[in-house]
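Presented below is the structure to which this report refers.
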């Protein structure tokens, strides 16, 4: 009976560790410009970030890929305002695991300058 309780506890700890390892940071996308923007000079910007799930069990940079892709998108926008943000998730099966990628696409508009 004592062995059964120990095995049950071990299984619960393993499942707890697996569920904690499968959490990612949420990404907050701002939607309100602070100043007027110049809608005639929009440009399309893109970014991408990937991670790999080794043997479908060990996540390698999988949980942070949205945050990394969004940060790269913010850097591509510079000081411009981003709008019309599109997110695309994709995966590719490999021999020893699966690669997961997040692609962002947005339109960047410069803020209007005072004349």
Condition check for residue 52: touching a helix residue (DSSP H, G or I) at 6+ places or on another chain (Cβ under 6 Å) and either surrounded by 16 or more Cβ atoms within 10 Å (Cβ to Cβ) or closer than 26 Å to residue 14 by Cα (or both): no
Residue within the stretch 63-75 that is touching a helix residue (DSSP H, G or I) at 6+ places or on another chain (Cβ under 9 Å) and at pLDDT 90 or above present: no
Strands (runs of 3 or more DSSP E) enclosed by the stretch 1-99 - at least 3 residues per element that are in contact with a strand residue (DSSP E or B) (Cβ under 6 Å, 6 or more places away or on another chain) and under 28 Å from residue 110 (Cα atoms): 43-54, 81-93
Test set (1) within 21 Å of the chain's Cα centre (by Cα); (2) at pLDDT below 95; (3) loosely packed, with under 13 Cβ neighbours inside 10 Å - residue 90 fails condition number: (2)
Residue in the stretch 59-79 that is in contact (Cβ under 8 Å) with a residue 40 or more places away in the chain, over 24 Å from residue 113 (Cα atoms) and surrounded by fewer than 12 Cβ atoms within 10 Å (Cβ to Cβ) present: no
Condition met for residue 95 (surrounded by fewer than 16 Cβ atoms within 10 Å (Cβ to Cβ) and modelled with pLDDT under 85): no
Residue that is touching a residue at least 60 places away in the same chain (Cβ under 8 Å), loosely packed, with under 12 Cβ neighbours inside 10 Å, out of contact with any helix residue (DSSP H, G or I) (no Cβ under 9 Å at 6 or more places or on another chain) and over 20 Å from residue 97 (Cα atoms), where the choices are 41, 5: 41
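The values are calculated or read from the model by the stated rules, or taken from the named source; none is laboratory data. Note that the structure is a prediction, hence the values are computed from the model and not measured. Don't worry about glycine lacking a Cβ; one is built from the backbone with ideal geometry, like all the others, and counts go over all protein chains shown.
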